[in-house]
1. What's the total number of residues in segment A:58-76 that are buried (at least 19 other Cβ atoms within 10 Å of the Cβ), aliphatic (A, V, I, L, M) and either touching a residue at least 60 places away in the same chain (Cβ under 8 Å) or more than 11 Å from chain B (Cβ to nearest Cβ) (or both)?
2. Only one of A:170, A:187, A:178 is in contact (Cβ under 8 Å) with a residue 60 or more places away in the chain and either under 22 Å from residue A:379 (Cβ atoms) or more than 14 Å from chain B (Cβ to nearest Cβ) (or both). Can you tell me which?
3. If you check B:157, B:150, which single one turns out to be within 14 Å of chain A (Cβ to nearest Cβ), more than 26 Å from the chain's Cα centre (by Cα) and more than 22 Å from residue B:247 (Cα to Cα)?
4. May I ask you to say which residue of B:84, B:68 is within 14 Å of another protein chain (Cβ to nearest Cβ) and in contact with an Asp or Glu (Cβ under 6 Å, 6 or more places away or on another chain)?
5. Taking only pairs six or more apart or across chains, which ones have beta-carbon atoms under 6 Å, a first residue in segment A:230-252 that is more than 24 Å from residue A:407 (Cβ to Cβ) and assigned by TED's automatic domain parsing to the domain that holds residue A:406, and a second residue that is at pLDDT 90 or above and among the aliphatic types (A, V, I, L, M)?
6. Identify the single condition in (1) at pLDDT below 85; (2) within 21 Å of residue B:262 (Cβ to Cβ) that residue A:390 does not satisfy, given that it satisfies every other one.
7. In contact with a Lys or Arg (Cβ under 8 Å, 6 or more places away or on another chain), of a type outside the set (Gly, Ala, Ser) and without any contact (Cβ under 8 Å) to a residue 60 or more places away in the chain: which single residue out of B:70, B:77, B:162, B:117 fits that description?
Amino acid sequence: MKLKQNMVATVIAAASFGLASSVSATELEVTHWWTSGGEAAAVKVFADAFNAGGDTWKDGAIAGSGGVARPVIISRIIGGDPMGATQLNHGRQAEELVEEGLMLDLTELAEKEGWKDIVRPSSLLDACTLDGKIYCVPVNIHSFQWMWTSLQAYEKAGIEPPKDWNEFVASAPKLREAGITPLAVGAQTWQTNGMFGVIRMGLGGIDLFRKTTIDRDSEALRGEEMVAIWKAFGDARDLDDPENSIQNWNDATSQVINGSHGAQIMGDWAQGEFQVAGQTAGTEYDCLPGLGLAPALDTGGDAFYFPNQDDPEKTEAQLRMASMMISKPVQVDFNLKKGSLPVRGDVDLDAANDCMKKGLEILKDPANIVPGGDQLFSPDAQGQMEDLLAEFWTNPDMSPEEAHDAWATIIEEAE
Amino acid sequence: MTGTLSFIRNIEQKTWWKRRPKILRNLSAKIAALPMIAVALVGFVGCSVWSIVYSFTSSKSLPKENFVGFKQYDRLFDSSRWQVSVENVAIYGVCSLVFSLTIGFLLAVALDQKIRFENTFRTIFLYPFALSFIVTGLVWQWLLNADFGIAQVIRDIGFTNFELSILSSREYAIYAIIIAGLWQGTGFVMALMLAGLRGIDQDIWKASRVDGIPAWRTYIFIVIPMMKPVFITTLVIIASGIVKVFDLVVALTAGGPGGSSELPAKYVYDFMFGRANLGQALAASTIMLTTVLIILIPWAYLEFSQKKEESNG
């Protein structure tokens, strides 16, 4: 009887949540910015699992990626209208909200379920921890260090697809001859900033990456190696279409999917788009982690925070949701749909495709792992870098030296 | 009996009026205005003072009283993004002021020639004003799209080499915003101007016709000076629109390409909400407020002191 009622609730929850009249059912509004095809499919895994548990997932998707959604989410929490749960990139985005006591403490649940032992790499859980207490559930591992190449485009140009960044740069003139733009880039500023991080990791290697962004060593920041990287990045501006008017990352991914552009440097979330388009790795597209040069991945990702609620029933439901998100079957389903890697080391990923397997292989060695940008820098410093990189990318008059100096200053002065 | 009473009351009232201090004159009107005064003091003055105070702190997402002097202002004026924003709002301001007033006035004059289908034209010109800036921005984003928009239409006509890519040009993206802003707002200026023109006494036109003055001279030397109040109202409406323009740039270019079409209001929004740097955002908004006051105070002083002289004389 109970089961039947729950099933009914699940089916019609989206249309009218009022019908879910079971006593234990609690409605929680969940805000997130997962709106592209692959992302929406992944969210549905969460929603279905939560609804199947008797509660109601009220979807609060905010279109326009994190830069647009975060302000809405944070101002709602500060303004005293908290949602039941919300996506954020763990790290420093929610730091102050946690300090002010606006987020639910999940430590008890985490200890009961032994999150410390199952979450891998442990830095993900550290990013959720403040003063020894856990405030968020990491749900996936995303890394930016991927380049996606269109095998169709290379076939059309009649050349071998590149195995790394240097080969890609060398192949650019041939692509141009075939009427293909080498690099697909969306205009949102975080994309340029992320792309620079990937090229920096690829050309400079993991040690330089650590020295510049974790230690923030002035010598490394302004050293010869960085000068060379800035010059290479300046040259990469010619690979983009100067009249490109695309904004979103997934529109740029579509350009690679349909073969009008040669490659895109974008995080592994782009993989979900290839899947939705029905393409498979190795036949229509290929992936080069670390640009094929440095096998290293950052471990950014998404996490869910649960703003404090007055109603104890809602608090109970929040804990149920947290437990559901990190549970084994949900982790597998969700991450397969989204193209990201699960946060648990103990799940079975036979269904993973070639690219995900490459990623998992790299993650096995802790020496290959660096923290993501959101964990290293405050949103303020990240924003300054985004402004700078976006200006540099679109303005051919800005010299690499000038941008290099401004960039080093931002990192030196960052909190 | 009643005569004496009313006489006494008169005297009482007279002396009472005389003794009454200036502030108590028109007391009921002043009481009625009190709520508005309170709202203005708390809402505008109070919040402005609060913003200015916290612009001297290093507040991040939440206001905190850790004062850092002029550090936020130093950073603001060093920021190339802020400099670009200020230049852009100047370009946007001058262009939209000049063009919306000229085009709006010319359209109104054209409609005032007792033409046929005046209502139809008025509706067409005024219609964009019914759309929000977000919709306007999206519409123009599509129209100005280099691959599919107006450019493609012209290419289809036969000019196969035609290129129109102002949205992806660092120099011209701000003009795309101006074009969209004018398209949206000019109809409203026209409506205001038309109302002003209709308020001009027809006898003036008859007199100027009798004297053989050409119509354009009548407009410039007689009608426009008579429409001064309408112009001032329009000016205030356009000017406040310039300072707060935000949603148009968000929808049309998102500040791009590469931050070349950023505007001050977007700077404030980004730092306050997106980048968790309240101090920086409030420093920027304080500078915006100061600029507006620098323009507004001399103007208000001039405007109101003239009125006083007129009423005194």
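1. Within segment A:58-76, residues that are buried (at least 19 other Cβ atoms within 10 Å of the Cβ), aliphatic (A, V, I, L, M) and either touching a residue at least 60 places away in the same chain (Cβ under 8 Å) or more than 11 Å from chain B (Cβ to nearest Cβ) (or both) number 1.
2. Details: A:170 fails: in contact (Cβ under 8 Å) with a residue 60 or more places away in the chain; A:178 fails: in contact (Cβ under 8 Å) with a residue 60 or more places away in the chain.
Every option except A:187 fails the conditions.
3. B:150
4. Criteria check complete, one pass: B:84.
5. Hits for this filter: A:246/A:252.
6. So residue A:390 meets the others, but not (1).
7. Sole residue among the options that is in contact with a Lys or Arg (Cβ under 8 Å, 6 or more places away or on another chain), of a type outside the set (Gly, Ala, Ser) and without any contact (Cβ under 8 Å) to a residue 60 or more places away in the chain: B:162.
Condition check ((1) among the basic types (Lys, Arg); (2) closer than 30 Å to residue A:79 by Cα; (3) outside the structural domain of residue A:161 (by TED's automatic domain parsing)) across all residues:
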{"position": "A:289", "(1), (2), (3)": "no, no, no"}
{"position": "A:315", "(1), (2), (3)": "no, yes, yes"}
{"position": "A:318", "(1), (2), (3)": "no, yes, yes"}
{"position": "A:329", "(1), (2), (3)": "no, no, yes"}
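The values are calculated or read from the model by the stated rules, or taken from the named source; none is laboratory data. Nothing here was measured: the structure is a model prediction, and the numbers come from that model. With ideal geometry, Cβ positions are generated from the backbone for all residues, glycine too; neighbour counts draw on all protein chains shown.
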